[in-house]
Structures are given as C-alpha cells and as structure tokens.
Amino acid sequence: MKQADYITIKENKKKIKLSLAKPNEIVLKCREFRESKKILDFGCNINSAVYKASENKEYFGYDQSQKAQQWLKKEGKFIDFWKTREKFDCIVAMSVMEHLSWKQRIHFIKQSKNLLSENGHLIMNFVFTQNHGLLGFFGDIEHKDPISPLDFSKLIDGYGFESKVYLHHLPISFSVILDLLMNYYPFGITTIISKKTGK
C-alpha cells in the first residue's frame, strides 16, 4: 500500500488515515497481510476475498454458518476459532464486527490475542454510522451497536495491541454528495490494523 493511497490526519493524538483505496484493497494489499504465512479468516463465508488472496499462504477459516463450515471442512480449511490453540501470523475479520455485540467483540479481541504469534496482526473492517446514517446502518437487521473507529481502536490497544485506523469512502451516491456539500467526509467504512505487542 503506497503512501499516496491515503491522507493522514490526527484526532485526539490518534492518527487516522483517510484512504482513497477500496476497503478490501487496504486489507489484502497491506504489508501485514502480504507478509503473513498462516492466516485465519474469521467470518469467512464461502470463497471469501481473503481465501482467494491466500493462494500461497496456509489458510484456515471460521464461520458460524453451517454451509460455510461444510465448505471449509470439505476443503480441509475449517478451524474452530473459539477452541483451537494453534498460532497464526494474521487474523482477518472483514465485515464482521458490526454483527457482534460489545461482549462478543471483546471476547473476539481476547481470543485473537491468544491465537496470534509474536508480532502477529489482527485486521478488521466494518461499517460505522458517521456519515453512513443510522437508517443506513440498521438497514441490515443483523447490525448491532454502532462502532466508533477511535474508541474501538483504543479498546483493542487496551488488550495488548498497537492499532492503525483507516477510513474509506463510500460509493458515490446522493447521500455522499450531500455530505460533501455540508462539509462532511463521506467515509463510512473503517479498517483497523492491529499489531500484537505482547503486553
């Protein structure tokens, strides 16, 4: 990921990067993912983007969907995230956090730290309501409590990580144009890349 792919700003001494890249590109093209050899894809579903990008990696996946589990087991890629004691270089959770309660999110962070190797990375992206709108966010009935990117990254860091926050633009639409006219940034997707510090 090139420096030109994002603009860095600071808010409350925490760096936020306003990214010009698509959300999945940040995840799959970042150095933290590219250099990882053993990947765990949390909430992977079937034929996920992470799976397709892991051709030369040791890939494993976990999803609560029975169909996804059957597919993973058929491919020899299933691993029970909550029970395994294996170690991974990178854990990826794309479009998952907005479907979890706060209790589940904290449980996920703790278990991720347990499963990551030394200096391993946790990579997540999710939607949030700022400039996305409550109606837009809760248009998916499975969406849980909205997530503040800054607050969530600080929570993650409190469990022994160092995080970088990226905000992504939404596809051009009337609401995005309206946001721009009102001097709001149309950034409704967050990616957080967190390095395990061992603390």
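Where a number appears in this text, it was derived from the coordinates with a stated rule and is not lab data. In this text, all values refer to a predicted model and were calculated from it rather than measured experimentally.
Brief remarks on what is shown
- Violating pairs (Cα-Cα greater than 22 angstrom) within the set Lys38/Lys196; Lys52/Lys110; Lys29/Lys195: Lys52/Lys110
- Fully extended contour minus Cα-Cα distance, from Ser101 to Glu55, at 0.36 nm per residue: 13.3 nm
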